[in-house]
1. Reachable lysines from residue 102, Cα under 28 Å, same-chain residues fewer than 8 places away excluded?
2. Taking 0.36 nm per residue of separation and subtracting the Cα-Cα distance, what length does fully extending residue 107 through residue 45 add?
3. Compute the length gained on full extension between residue 79 and residue 1: take 0.36 nm times their separation in residues and subtract their Cα-Cα distance, giving the result in nm to one decimal.
4. Given N residues in segment 58-138, what is Rg(Cα) / (2.2 N^0.38 Å)?
5. Using per-residue counts of other Cβ atoms within 10 Å, averaged over each peptide, order 53-66, 92-105, 72-85 from highest down.
Amino acid sequence: MRMQYVGIGNAMHTRLNQRHPKLSLICRDCEIWLGEISTAEPSGKRLKATRVTLDFAEWLHARFLRLPLNDKKTKALPNRSVTVLNRWFALDNGTPKRRPHKDWPDLIDYPDFGLPARAVWFGVRQQRFLAPDYAAES
């Protein structure tokens, strides 16, 4: 089964309902994985209600994994370098687990400055995105 969508939100109980614009498009027998961002928020004035770190994490996954139901955040790139390290845990939030899906990378690195971006699956493979090719619309 192919990964289809990544989304952000601060309160899951208000997002995962029938009004969600993409939830009805995801197959009924698919798995939904929830995560949280653990990082220091960049300094400066907040320009949006969404935390910048959440926004960038969604942006990199949607853009470089080319998820079919993410139609926003796939046309442009973040205006700064961003690295996302994905880690997975059991429901106790402490026991490490394996990657939930074979296509979900452990690391996405977008260094900006025209350098190659990459997605890395530790111990398995690495996919490089060469600049300026990755800047072209998908």
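1. 22, 72, 73, 75
2. Answer, rounded to one decimal: 19.6 nm.
3. On the way: separation 78, 0.36 × 78 = 28.08 nm, distance 3.22 nm.
Additional length available on full extension: 24.9 nm.
4. Working: Rg = 13.5 Å, N = 81, 2.2 N^0.38 = 11.7 Å.
So the Cα radius of gyration is 1.16 times the expected 2.2 N^0.38 Å.
5. Working: 53-66: 20.2, 92-105: 11.4, 72-85: 14.2.
Going by the mean number of other Cβ atoms within 10 Å, highest first, we get 53-66, 72-85, 92-105.
Taken together, the values in this text are just the output of simple stated rules run on the coordinates, not laboratory data. All values derive from a computational prediction rather than experimental measurement. A quick note on method: Cβ atoms are made from the backbone with ideal geometry, for glycine too, and the neighbour counts reach across all protein chains shown.
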